[in-house]
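Data block below; observations after.
The values are calculated or read from the model by the stated rules, or taken from the named source; none is laboratory data. Source: prediction; values computed, not measured. Note that each Cβ is placed from the backbone with ideal geometry, even for glycine, and that neighbours are counted across all protein chains shown. Just the protein is used for accessible areas: all its heavy atoms, side chains included, with ligands, DNA and RNA removed. Shrake-Rupley method; radii C 1.70, N 1.55, O 1.52, S 1.80 Å.
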Amino acid sequence: MLEQYMPFIGLIIFGNIENLILASQGVVEGVNPKTLGILSIFAVIFWLFLGTVATDFAMQYANIITFIGGLAIFILGVKAVWDAVKNIRAQKGGA
């Protein structure tokens, strides 16, 4: 049964990395951790529902979806690091 979901294993891994990236962006921006946690839980529930409903349809596009998801996570990661570096430099007085 799990074999049919193997094309999406990359998205499972990337999704976890994406959650970490978004959480780090929230910390850098000074977001309330409770609000961030609640919104994260809602996002996970939404994606679980969407994945459950749309998996059969999306199976034919698994490679494309994985590529786009990986690209989006890469871009989010670069943005998170960029924002963190800017924040660190601003706190150190432009060092």
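Residues checked against (1) of a type outside the set (V, I, T); (2) modelled with pLDDT under 85; (3) part of a loop (DSSP other than H, G, I, E, B); (4) within 30 Å of Q91 (Cβ to Cβ):
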{"position": "V28", "(1), (2), (3), (4)": "no, yes, no, yes"}
{"position": "I45", "(1), (2), (3), (4)": "no, yes, no, no"}
{"position": "F49", "(1), (2), (3), (4)": "yes, yes, no, no"}
{"position": "D56", "(1), (2), (3), (4)": "yes, yes, no, no"}
{"position": "Q60", "(1), (2), (3), (4)": "yes, yes, no, no"}
{"position": "G69", "(1), (2), (3), (4)": "yes, yes, no, no"}
M59: passes all of (1) in contact (Cβ under 8 Å) with a residue 24 or more places away in the chain; (2) under 20 Å from L76 (Cα atoms); (3) open to solvent by less than 80 Å² (accessible area, probe 1.4 Å) but (2)
Restricting region 68-84 to residues that are within 12 Å of E29 (Cα to Cα) and among the hydrophobic types (A, V, I, L, M, F, W, C), the one most open to solvent (accessible area, probe 1.4 Å) turns out to be A84
V28 fails exactly one of (1) touching a Gly at 6+ places or on another chain (Cβ under 9 Å); (2) surrounded by 12 or more Cβ atoms within 10 Å (Cβ to Cβ), namely (1)
Taking region 85-95 and the residues there that are out of contact with any helix residue (DSSP H, G or I) (no Cβ under 7 Å at 6 or more places or on another chain) and not in a helix (DSSP H, G or I), the one that is surrounded by the most Cβ atoms within 10 Å (Cβ to Cβ) would be K92
